[in-house]
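In what follows, a single structure is set out as C-alpha coordinates and then discussed.
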Amino acid sequence: MGGVTSLRLRGVSKSFDGVTALRDVSLDVADGEFFTLVGPSGCGKTTTLRAIAGFESPDSGQVRFGDREMAGVPPEDRDVGIVFQNYALFSHMTVGENVAYGLRFRETPGGQSKAARVADLLELVDLPGFEDRNPDELSGGQRQRVALARALAPGPDVLLLDEPMSALDARLRQDLRTQVKRIQSDLGITTVYVTHDQEEALAVSDRVAVMNDGRVEQVGRPEDVYRRPNTRFVAEFLGENNVFAGEVDGRGGDDSGATVRVGGATFRLPGLDAPEGSEVVFCVRPEHLTRDAGENGFEASVETVEFLGESFRVHLDWAGSSVTLRAPERPAEDTLLVGFDPEDAHVVSASGSGRAVVEERS
Ligand code: ATP
(Lines give C-alpha, C1' and ligand atoms only; values in the text may rest on other atoms or scores of the structure.)
Protein backbone atom coordinates (compact mmCIF):
# COMPACT_ATOMS: atom_id res chain seq x y z
CA MET A 1 0.00 0.00 0.00
CA GLY A 2 1.02 3.64 -0.25
CA GLY A 3 3.01 5.41 2.39
CA VAL A 4 1.18 6.94 5.27
CA THR A 5 1.05 10.65 5.55
CA SER A 6 -0.02 13.33 7.99
CA LEU A 7 -2.64 15.96 7.24
CA ARG A 8 -2.66 19.55 8.34
CA LEU A 9 -5.46 22.09 7.94
CA ARG A 10 -4.77 25.67 8.91
CA GLY A 11 -7.43 28.38 9.12
CA VAL A 12 -9.65 26.80 6.49
CA SER A 13 -12.81 28.81 5.79
CA LYS A 14 -15.44 28.19 3.15
CA SER A 15 -18.76 29.81 2.26
CA PHE A 16 -21.38 28.85 -0.32
CA ASP A 17 -23.54 31.74 -1.56
CA GLY A 18 -23.48 33.50 1.78
CA VAL A 19 -23.79 30.28 3.85
CA THR A 20 -20.67 29.83 5.95
CA ALA A 21 -19.79 26.13 6.00
CA LEU A 22 -16.33 26.32 7.63
CA ARG A 23 -14.97 28.98 9.97
CA ASP A 24 -11.24 28.95 10.49
CA VAL A 25 -10.83 25.18 10.80
CA SER A 26 -7.39 23.98 11.91
CA LEU A 27 -6.68 20.29 12.42
CA ASP A 28 -3.71 17.94 12.52
CA VAL A 29 -4.10 14.29 11.67
CA ALA A 30 -1.07 12.12 12.41
CA ASP A 31 0.43 9.39 10.21
CA GLY A 32 -1.72 6.30 10.42
CA GLU A 33 -4.29 7.88 12.67
CA PHE A 34 -8.02 7.09 12.66
CA PHE A 35 -9.38 10.61 13.00
CA THR A 36 -13.10 11.33 13.12
CA LEU A 37 -15.08 14.48 12.40
CA VAL A 38 -18.28 14.28 14.38
CA GLY A 39 -21.10 16.77 14.79
CA PRO A 40 -24.71 17.45 13.91
CA SER A 41 -26.06 17.77 10.40
CA GLY A 42 -24.78 20.86 8.62
CA CYS A 43 -21.84 21.50 10.96
CA GLY A 44 -19.28 21.27 8.14
CA LYS A 45 -17.95 17.71 8.31
CA THR A 46 -18.46 16.86 4.66
CA THR A 47 -17.11 20.22 3.51
CA THR A 48 -13.95 19.59 5.56
CA LEU A 49 -13.57 16.16 3.98
CA ARG A 50 -14.16 17.59 0.50
CA ALA A 51 -11.51 20.25 1.12
CA ILE A 52 -9.06 17.46 2.03
CA ALA A 53 -10.06 15.47 -1.08
CA GLY A 54 -9.71 18.52 -3.31
CA PHE A 55 -13.37 18.72 -4.36
CA GLU A 56 -13.69 22.12 -2.66
CA SER A 57 -11.10 24.88 -2.62
CA PRO A 58 -11.06 26.79 0.65
CA ASP A 59 -11.79 30.54 0.47
CA SER A 60 -8.84 30.93 2.80
CA GLY A 61 -6.48 28.71 4.73
CA GLN A 62 -4.28 25.77 3.83
CA VAL A 63 -4.49 22.02 3.43
CA ARG A 64 -1.22 20.08 3.60
CA PHE A 65 -0.41 16.41 3.06
CA GLY A 66 2.83 15.97 4.94
CA ASP A 67 4.94 18.93 3.80
CA ARG A 68 3.06 19.37 0.57
CA GLU A 69 0.70 22.32 0.15
CA MET A 70 -2.35 21.08 -1.76
CA ALA A 71 -3.76 24.33 -3.18
CA GLY A 72 -4.33 23.76 -6.89
CA VAL A 73 -3.71 19.99 -6.70
CA PRO A 74 -6.74 18.25 -8.29
CA PRO A 75 -8.43 15.33 -6.47
CA GLU A 76 -6.96 12.68 -8.80
CA ASP A 77 -3.44 13.78 -7.87
CA ARG A 78 -4.02 13.70 -4.11
CA ASP A 79 -3.61 9.99 -3.38
CA VAL A 80 -6.83 9.72 -1.45
CA GLY A 81 -9.32 6.86 -1.40
CA ILE A 82 -12.90 7.88 -0.69
CA VAL A 83 -15.99 5.98 0.41
CA PHE A 84 -19.29 7.85 0.37
CA GLN A 85 -22.49 7.22 2.28
CA ASN A 86 -24.52 5.98 -0.65
CA TYR A 87 -23.21 2.88 -2.35
CA ALA A 88 -21.45 4.35 -5.32
CA LEU A 89 -20.85 0.97 -6.99
CA PHE A 90 -21.47 0.67 -10.72
CA SER A 91 -24.42 -1.69 -11.14
CA HIS A 92 -23.42 -2.71 -14.67
CA MET A 93 -20.01 -3.94 -13.47
CA THR A 94 -19.19 -7.01 -11.41
CA VAL A 95 -17.68 -6.70 -7.97
CA GLY A 96 -14.24 -7.45 -9.41
CA GLU A 97 -14.64 -4.80 -12.13
CA ASN A 98 -15.78 -2.28 -9.54
CA VAL A 99 -12.66 -2.87 -7.45
CA ALA A 100 -10.43 -2.81 -10.54
CA TYR A 101 -12.02 0.54 -11.47
CA GLY A 102 -10.12 1.97 -8.51
CA LEU A 103 -6.93 1.12 -10.42
CA ARG A 104 -7.84 2.92 -13.65
CA PHE A 105 -5.48 5.86 -13.09
CA ARG A 106 -2.77 4.00 -11.21
CA GLU A 107 -0.19 1.34 -11.52
CA THR A 108 -0.97 -1.66 -9.38
CA PRO A 109 1.02 -1.27 -6.17
CA GLY A 110 4.01 -3.60 -6.00
CA GLY A 111 3.72 -4.52 -9.70
CA GLN A 112 0.98 -7.09 -9.02
CA SER A 113 -1.43 -8.10 -11.76
CA LYS A 114 -4.79 -6.35 -11.55
CA ALA A 115 -6.56 -9.65 -10.90
CA ALA A 116 -4.21 -10.51 -8.02
CA ARG A 117 -4.65 -7.06 -6.55
CA VAL A 118 -8.44 -7.31 -6.75
CA ALA A 119 -8.35 -10.77 -5.12
CA ASP A 120 -6.15 -9.45 -2.30
CA LEU A 121 -8.45 -6.52 -1.65
CA LEU A 122 -11.57 -8.69 -1.60
CA GLU A 123 -9.75 -10.92 0.88
CA LEU A 124 -8.92 -7.86 2.97
CA VAL A 125 -12.57 -6.79 3.19
CA ASP A 126 -13.66 -10.34 3.94
CA LEU A 127 -15.31 -11.02 0.57
CA PRO A 128 -12.91 -13.55 -0.94
CA GLY A 129 -14.02 -14.95 -4.30
CA PHE A 130 -16.77 -12.38 -4.82
CA GLU A 131 -15.25 -11.08 -8.09
CA ASP A 132 -18.02 -12.27 -10.39
CA ARG A 133 -21.01 -11.23 -8.30
CA ASN A 134 -23.13 -8.27 -9.31
CA PRO A 135 -23.55 -5.44 -6.81
CA ASP A 136 -27.29 -6.05 -6.63
CA GLU A 137 -26.57 -9.56 -5.29
CA LEU A 138 -24.86 -8.08 -2.23
CA SER A 139 -26.17 -6.82 1.11
CA GLY A 140 -25.71 -3.16 2.01
CA GLY A 141 -22.79 -3.95 4.28
CA GLN A 142 -21.09 -6.06 1.60
CA ARG A 143 -21.52 -3.27 -0.95
CA GLN A 144 -19.83 -0.82 1.36
CA ARG A 145 -16.96 -3.26 1.81
CA VAL A 146 -16.59 -3.47 -1.98
CA ALA A 147 -16.59 0.34 -2.08
CA LEU A 148 -13.86 0.28 0.57
CA ALA A 149 -11.82 -2.25 -1.46
CA ARG A 150 -12.16 -0.02 -4.53
CA ALA A 151 -11.04 3.04 -2.57
CA LEU A 152 -8.02 1.14 -1.25
CA ALA A 153 -7.10 -0.45 -4.61
CA PRO A 154 -4.50 2.11 -5.73
CA GLY A 155 -2.83 2.09 -2.30
CA PRO A 156 -3.76 5.66 -1.36
CA ASP A 157 -1.93 7.63 1.32
CA VAL A 158 -5.14 8.82 2.90
CA LEU A 159 -8.55 7.19 3.32
CA LEU A 160 -11.61 9.44 3.55
CA LEU A 161 -14.88 7.94 4.74
CA ASP A 162 -18.05 10.03 4.57
CA GLU A 163 -20.82 8.43 6.63
CA PRO A 164 -20.15 5.06 4.98
CA MET A 165 -22.53 3.25 7.31
CA SER A 166 -25.46 5.60 7.53
CA ALA A 167 -27.67 3.54 5.23
CA LEU A 168 -27.17 0.34 7.23
CA ASP A 169 -29.17 -0.98 10.16
CA ALA A 170 -27.75 -0.83 13.67
CA ARG A 171 -26.34 -4.36 13.87
CA LEU A 172 -24.67 -4.15 10.46
CA ARG A 173 -23.20 -0.77 11.33
CA GLN A 174 -21.53 -2.26 14.36
CA ASP A 175 -20.11 -5.18 12.39
CA LEU A 176 -18.88 -2.95 9.60
CA ARG A 177 -17.31 -0.40 11.91
CA THR A 178 -15.33 -3.16 13.61
CA GLN A 179 -14.14 -4.37 10.22
CA VAL A 180 -13.26 -0.89 9.00
CA LYS A 181 -11.29 -0.28 12.17
CA ARG A 182 -9.40 -3.57 11.79
CA ILE A 183 -8.56 -2.91 8.15
CA GLN A 184 -7.49 0.63 8.91
CA SER A 185 -5.17 -0.43 11.69
CA ASP A 186 -3.77 -3.39 9.70
CA LEU A 187 -2.89 -1.04 6.84
CA GLY A 188 -1.86 1.82 9.13
CA ILE A 189 -3.49 4.20 6.69
CA THR A 190 -4.20 7.80 7.72
CA THR A 191 -7.99 7.96 7.86
CA VAL A 192 -10.52 10.74 8.24
CA TYR A 193 -13.97 9.49 9.06
CA VAL A 194 -17.13 11.60 9.01
CA THR A 195 -20.12 10.66 11.10
CA HIS A 196 -22.96 12.35 12.95
CA ASP A 197 -23.15 9.30 15.23
CA GLN A 198 -21.31 10.17 18.41
CA GLU A 199 -21.29 6.61 19.71
CA GLU A 200 -19.64 5.39 16.52
CA ALA A 201 -17.10 8.21 16.71
CA LEU A 202 -16.17 7.37 20.29
CA ALA A 203 -15.96 3.65 19.50
CA VAL A 204 -13.59 3.61 16.54
CA SER A 205 -11.41 6.71 16.61
CA ASP A 206 -7.90 7.38 17.83
CA ARG A 207 -9.00 11.01 18.13
CA VAL A 208 -12.17 12.93 17.36
CA ALA A 209 -12.85 16.52 16.37
CA VAL A 210 -16.27 17.69 17.52
CA MET A 211 -17.63 20.24 15.06
CA ASN A 212 -20.46 22.70 15.50
CA ASP A 213 -21.62 25.41 13.12
CA GLY A 214 -18.52 25.30 10.92
CA ARG A 215 -16.07 25.33 13.82
CA VAL A 216 -13.99 22.76 15.62
CA GLU A 217 -15.13 22.84 19.24
CA GLN A 218 -12.71 20.28 20.65
CA VAL A 219 -10.16 17.71 19.51
CA GLY A 220 -8.95 14.82 21.60
CA ARG A 221 -8.98 11.14 22.39
CA PRO A 222 -12.54 9.82 22.75
CA GLU A 223 -12.20 9.25 26.49
CA ASP A 224 -10.73 12.71 27.10
CA VAL A 225 -13.36 14.56 25.09
CA TYR A 226 -16.10 12.51 26.74
CA ARG A 227 -14.81 13.03 30.26
CA ARG A 228 -13.57 16.59 29.92
CA PRO A 229 -15.70 18.46 27.39
CA ASN A 230 -14.53 22.02 26.84
CA THR A 231 -17.91 23.45 25.99
CA ARG A 232 -21.52 22.87 26.83
CA PHE A 233 -22.11 21.84 23.23
CA VAL A 234 -19.53 19.05 23.45
CA ALA A 235 -20.84 18.00 26.87
CA GLU A 236 -24.35 17.60 25.48
CA PHE A 237 -23.47 16.21 22.06
CA LEU A 238 -21.21 13.35 23.14
CA GLY A 239 -23.23 10.84 25.10
CA GLU A 240 -25.92 11.73 27.57
CA ASN A 241 -25.27 14.43 30.09
CA ASN A 242 -27.00 16.41 32.81
CA VAL A 243 -26.20 20.08 32.50
CA PHE A 244 -26.63 22.37 35.49
CA ALA A 245 -26.44 26.16 35.20
CA GLY A 246 -26.17 28.23 38.36
CA GLU A 247 -24.36 30.94 40.24
CA VAL A 248 -21.52 30.86 42.74
CA ASP A 249 -22.98 31.85 46.10
CA GLY A 250 -20.06 31.14 48.35
CA ARG A 251 -16.45 30.11 48.45
CA GLY A 252 -15.47 26.72 49.80
CA GLY A 253 -14.59 26.61 53.46
CA ASP A 254 -11.09 25.32 52.72
CA ASP A 255 -8.60 26.89 50.33
CA SER A 256 -10.35 25.88 47.14
CA GLY A 257 -13.78 25.25 45.71
CA ALA A 258 -17.07 27.04 45.68
CA THR A 259 -20.74 26.40 46.26
CA VAL A 260 -23.06 26.88 43.34
CA ARG A 261 -26.76 27.60 43.63
CA VAL A 262 -28.89 25.94 40.97
CA GLY A 263 -32.60 26.61 41.41
CA GLY A 264 -33.38 25.82 45.02
CA ALA A 265 -30.37 23.56 45.60
CA THR A 266 -26.77 24.25 46.51
CA PHE A 267 -23.91 22.09 45.26
CA ARG A 268 -20.31 22.07 46.37
CA LEU A 269 -17.70 21.95 43.62
CA PRO A 270 -14.26 21.58 45.22
CA GLY A 271 -12.23 22.24 42.10
CA LEU A 272 -14.02 25.44 41.09
CA ASP A 273 -12.03 28.64 41.29
CA ALA A 274 -14.60 31.32 40.58
CA PRO A 275 -15.66 34.45 42.48
CA GLU A 276 -19.07 34.91 44.06
CA GLY A 277 -21.75 35.81 41.56
CA SER A 278 -20.08 34.00 38.64
CA GLU A 279 -22.33 32.06 36.35
CA VAL A 280 -21.30 28.43 36.20
CA VAL A 281 -22.31 25.60 33.91
CA PHE A 282 -21.33 22.12 34.98
CA CYS A 283 -22.37 18.64 34.00
CA VAL A 284 -22.72 15.24 35.60
CA ARG A 285 -23.02 12.10 33.48
CA PRO A 286 -26.09 9.92 34.15
CA GLU A 287 -23.78 7.10 35.25
CA HIS A 288 -22.37 9.42 37.94
CA LEU A 289 -25.71 10.37 39.45
CA THR A 290 -26.40 8.00 42.30
CA ARG A 291 -29.12 7.37 44.80
CA ASP A 292 -26.56 7.74 47.54
CA ALA A 293 -27.09 11.49 47.68
CA GLY A 294 -24.21 12.61 49.92
CA GLU A 295 -23.73 16.35 50.24
CA ASN A 296 -24.76 17.18 46.66
CA GLY A 297 -28.22 15.69 46.86
CA PHE A 298 -31.58 16.76 45.53
CA GLU A 299 -35.04 15.30 45.29
CA ALA A 300 -36.60 14.66 41.91
CA SER A 301 -39.70 12.90 40.63
CA VAL A 302 -39.59 9.90 38.32
CA GLU A 303 -41.06 10.57 34.88
CA THR A 304 -40.23 7.52 32.79
CA VAL A 305 -38.00 4.46 33.11
CA GLU A 306 -36.40 2.64 30.16
CA PHE A 307 -34.80 -0.79 30.39
CA LEU A 308 -31.48 -0.81 28.51
CA GLY A 309 -30.35 -4.36 29.21
CA GLU A 310 -27.41 -3.73 31.49
CA SER A 311 -29.19 -0.94 33.41
CA PHE A 312 -32.26 1.30 33.55
CA ARG A 313 -32.38 4.84 32.27
CA VAL A 314 -34.48 6.90 34.68
CA HIS A 315 -35.80 10.25 33.48
CA LEU A 316 -36.44 12.57 36.39
CA ASP A 317 -38.09 15.93 36.72
CA TRP A 318 -36.29 18.29 39.01
CA ALA A 319 -38.14 21.61 39.42
CA GLY A 320 -39.03 21.70 35.74
CA SER A 321 -35.62 20.53 34.48
CA SER A 322 -35.05 17.02 33.22
CA VAL A 323 -32.31 14.95 34.75
CA THR A 324 -31.27 11.44 33.74
CA LEU A 325 -29.76 8.74 35.85
CA ARG A 326 -28.63 5.17 35.28
CA ALA A 327 -29.82 2.68 37.87
CA PRO A 328 -29.11 -1.03 38.27
CA GLU A 329 -32.75 -1.67 39.24
CA ARG A 330 -36.09 -0.16 38.31
CA PRO A 331 -36.93 2.35 41.05
CA ALA A 332 -40.07 1.52 43.04
CA GLU A 333 -40.63 5.07 44.32
CA ASP A 334 -42.15 8.08 42.54
CA THR A 335 -39.67 10.46 44.11
CA LEU A 336 -35.95 9.83 44.46
CA LEU A 337 -33.22 11.45 46.44
CA VAL A 338 -30.24 11.54 44.07
CA GLY A 339 -26.85 13.18 44.11
CA PHE A 340 -23.30 13.08 42.89
CA ASP A 341 -19.78 12.95 44.12
CA PRO A 342 -18.32 16.48 43.60
CA GLU A 343 -15.36 14.87 41.84
CA ASP A 344 -17.73 13.69 39.11
CA ALA A 345 -19.02 17.18 38.30
CA HIS A 346 -17.26 18.70 35.31
CA VAL A 347 -17.33 22.48 34.90
CA VAL A 348 -17.68 23.55 31.28
CA SER A 349 -17.85 27.28 31.79
CA ALA A 350 -17.53 29.82 34.56
CA SER A 351 -17.85 33.49 33.71
CA GLY A 352 -15.68 35.78 35.79
CA SER A 353 -13.50 32.93 37.07
CA GLY A 354 -9.79 33.37 37.54
CA ARG A 355 -9.12 30.62 35.04
CA ALA A 356 -11.49 31.13 32.16
CA VAL A 357 -12.47 27.54 31.61
CA VAL A 358 -13.87 28.19 28.18
CA GLU A 359 -15.68 30.96 26.48
CA GLU A 360 -19.17 29.93 25.64
CA ARG A 361 -20.38 30.60 22.16
CA SER A 362 -23.81 32.02 21.66
P1 ATP B 1 -24.47 16.37 7.06
O2 ATP B 1 -24.16 15.48 8.22
O3 ATP B 1 -25.92 16.77 7.01
O4 ATP B 1 -23.94 15.89 5.75
P5 ATP B 1 -22.21 18.16 7.38
O6 ATP B 1 -21.76 18.39 8.76
O7 ATP B 1 -21.43 17.23 6.55
O8 ATP B 1 -23.74 17.78 7.37
P9 ATP B 1 -21.74 20.07 5.29
O10 ATP B 1 -22.32 19.19 4.23
O11 ATP B 1 -20.28 20.24 5.33
O12 ATP B 1 -22.25 19.60 6.71
O13 ATP B 1 -22.44 21.49 5.16
C14 ATP B 1 -22.10 22.61 5.94
C15 ATP B 1 -22.99 23.78 5.53
O16 ATP B 1 -22.65 24.20 4.22
C17 ATP B 1 -24.46 23.47 5.51
O18 ATP B 1 -25.16 24.62 5.94
C19 ATP B 1 -24.71 23.17 4.06
O20 ATP B 1 -26.06 23.44 3.72
C21 ATP B 1 -23.76 24.11 3.36
N22 ATP B 1 -23.29 23.59 2.07
C23 ATP B 1 -22.48 22.53 1.88
N24 ATP B 1 -22.21 22.33 0.57
C25 ATP B 1 -22.90 23.31 -0.10
C26 ATP B 1 -23.04 23.66 -1.49
N27 ATP B 1 -22.41 22.97 -2.45
N28 ATP B 1 -23.83 24.70 -1.78
C29 ATP B 1 -24.46 25.42 -0.81
N30 ATP B 1 -24.35 25.14 0.50
C31 ATP B 1 -23.59 24.11 0.87
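The values are calculated or read from the model by the stated rules, or taken from the named source; none is laboratory data. Computed from a prediction, not measured in an experiment: that's the story for all the values here. A quick note on method: Cβ atoms are made from the backbone with ideal geometry, for glycine too, and the neighbour counts reach across all protein chains shown. When the accessible area is computed, the model is the full protein with side chains, heavy atoms only, and any ligands, DNA or RNA have been set aside. Shrake-Rupley method; radii C 1.70, N 1.55, O 1.52, S 1.80 Å.
Along the charge dipole of the chain, pointing to its positive end and built from +1/-1 on Cβ of Lys, Arg, Asp and Glu, which listed residue (N241, L121, G277) has its Cα farthest out? Going by the Cα projections, it comes out as L121.
Can you list the residues of the stretch 45-76 with backbone N under 11 Å from a point 7 Å past the Cα of A167, pointing along Cα to Cβ? Under 11 Å, as judged by backbone N against the label point of A167, lies no residue of the stretch 45-76.
Under a Gaussian network description of the chain, with springs only between Cα atoms under 10 Å, the residue in P109, P331, P222 that fluctuates furthest is P331.
Partners of K45 within straight-line reach, counting lysines whose Cα lies under 20 Å from its Cα and excluding those fewer than 8 residues away in the same chain: K14, K181.
The three principal axes of the Cα atoms in the chain give end-to-end lengths of 74, 47, 37 Å, sorted in falling order. For the stretch 7-115, the carbon plus sulfur part of the accessible surface works out to 47%, probe radius 1.4 Å. For the stretch 102-193, the set of GluC sites (Glu not before Pro) satisfying both a DSSP loop assignment and a count of at most 13 other C-beta atoms within 10 Å is given as E107. Ligands, DNA and RNA are left out, and with a 1.4 angstrom probe the accessible area of the chain is 46 Å² per residue. If you roll a 1.4 Å probe over the stretch 240-350 with all protein chains in place, what percent of the accessible area is carbon or sulfur? Exposed carbon and sulfur together represent 43 percent of the surface. Considering the chain as a Gaussian network with a 10 Å cut-off on Cα pairs, which listed residue, V180, V262, V243, attains the greatest mean-square fluctuation? Maximum among the listed residues: V262.
Fraction of C-alpha pairs exceeding 22 angstrom in the stretch 240-350: 30 percent, rounded to a whole number.
Among M70, M93, M211, the largest mean-square fluctuation in a Gaussian network model of the chain, built with springs joining Cα atoms closer than 10 Å, belongs to M93.
Helix-only arithmetic for the chain: the sum of -39500 (n - 2.57) across DSSP H runs with n ≥ 4, divided by the residue total, places the mean residue ellipticity at 222 nm at -6000 deg cm²/dmol.
Site pair F312 and D17 shows an inter-label distance of 5.2 nm when each label is modelled 7 Å from Cα along Cα→Cβ.
The modelled label-to-label distance for the pair T266/Y101, using points 7 Å beyond Cα in the direction of Cβ, is 6.9 nm.
If a spin label sat at a point 7 angstrom from the Cα of A30 along the line to its beta carbon, the backbone N atoms of the stretch 172-197 nearer than 14 Å would be those of 189-191. Extending 7 Å from the Cα toward the beta-carbon at both D67 and V305 defines two label points whose distance is 6.5 nm. Take every pair of alpha-carbon atoms less than 8 Å apart whose residues are at least six positions apart; their mean separation over the length of the stretch 240-350 yields a relative contact order of 29 percent.
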